[in-house]
Amino acid sequence: MEKPEKRIQDFIKEHHVLTLATSQNGQPWCANCFYAYHEDENVLIFTSDNETRHIQEALANHQVAASIVLETGVVGKIRGLQITGKLELPEGELSGKVKKRYLKKFPYAALMDTKLWVLVIDSMKMTDNRLGFGKKLYWPS
């Protein structure tokens with residue numbers, strides 16, 4: 001599958017906090033996580049402990065959603081990204097790649113005792129009002 005267009009990738013790289021949405025037994029939950037993006041693998045990488053509610057729910061239901069937004073009060077500058085995908089523990093070669101990428105962005109994470117997780121992206125919808133009011137970009141398109 002082809003990579004997301006540059007405008008979407010650039011937006012992801014400009015930010016560092018995503019909101020992860022999980023659900024279990026009909027009850028939704030959100031968690032904010034610092035992330036790094038590995039564009040070659042098209043995954044978002046973050047750390048979290050197994051005991052957190054969002055990880056427990058994602059282990060029961062790997063399908064998750066996420067969002068990344070630019071906070072602004074200026075309508076013409078509004079940008080945001082909605083994402084769907086699967087939450088996984090990286091294994092094998094991917095594990096080394098994502099650890100390197102995450103530690104490059106957040107070197108202090110090397111001092112933490114936590115697990116790395118990847119959000120394998122299935123789809124994205126980006127709103128970018130700089131391109132026209134309510135303009136949407138989709139991946140896959």
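Some values worked out for this structure:
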{"item": "Whole-angstrom gap from region 2-38 to region 79-135, using each part's C-alpha centre", "result": "6 Å"}
{"item": "Helix axis angle, 92-105 relative to the chain longest principal axis, alpha carbon, degrees", "result": "60 degrees"}
{"item": "Alpha-carbon gyration tensor eigenvalues x 5, square-rooted, for region 12-51, Å", "result": "22, 11, 10"}
{"item": "Segments 36-46, 85-95 sorted - mean Cβ within 10 Å per residue, highest first", "result": "36-46, 85-95"}
{"item": "Cross-link pairs beyond the 26 Å C-alpha cut-off, checked among Lys77/Lys115; Lys77/Lys97; Lys105/Lys135; Lys115/Lys136; Lys115/Lys135; Lys77/Lys125", "result": "Lys77/Lys115; Lys77/Lys97; Lys105/Lys135; Lys115/Lys136; Lys115/Lys135"}
{"item": "Total formal charge among the other residues, if their Cβ is under 9 angstrom from that of Leu119, Lys/Arg +1 and Asp/Glu -1", "result": "0"}
{"item": "Solvent-free Debye scattering, log10 I(q)/I(0), computed from the Cα coordinates of the chain at q = 0.11, 0.17, 0.19, 0.20 Å⁻¹", "result": "-0.41, -0.95, -1.16, -1.25"}
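A short reminder: the numbers here are calculations on the coordinates, not readings from a lab. What you are looking at is a predicted structure, and each value in this text was computed from that prediction instead of being measured. Virtual Cβ from ideal backbone geometry, glycine too; neighbours counted across all protein chains shown.
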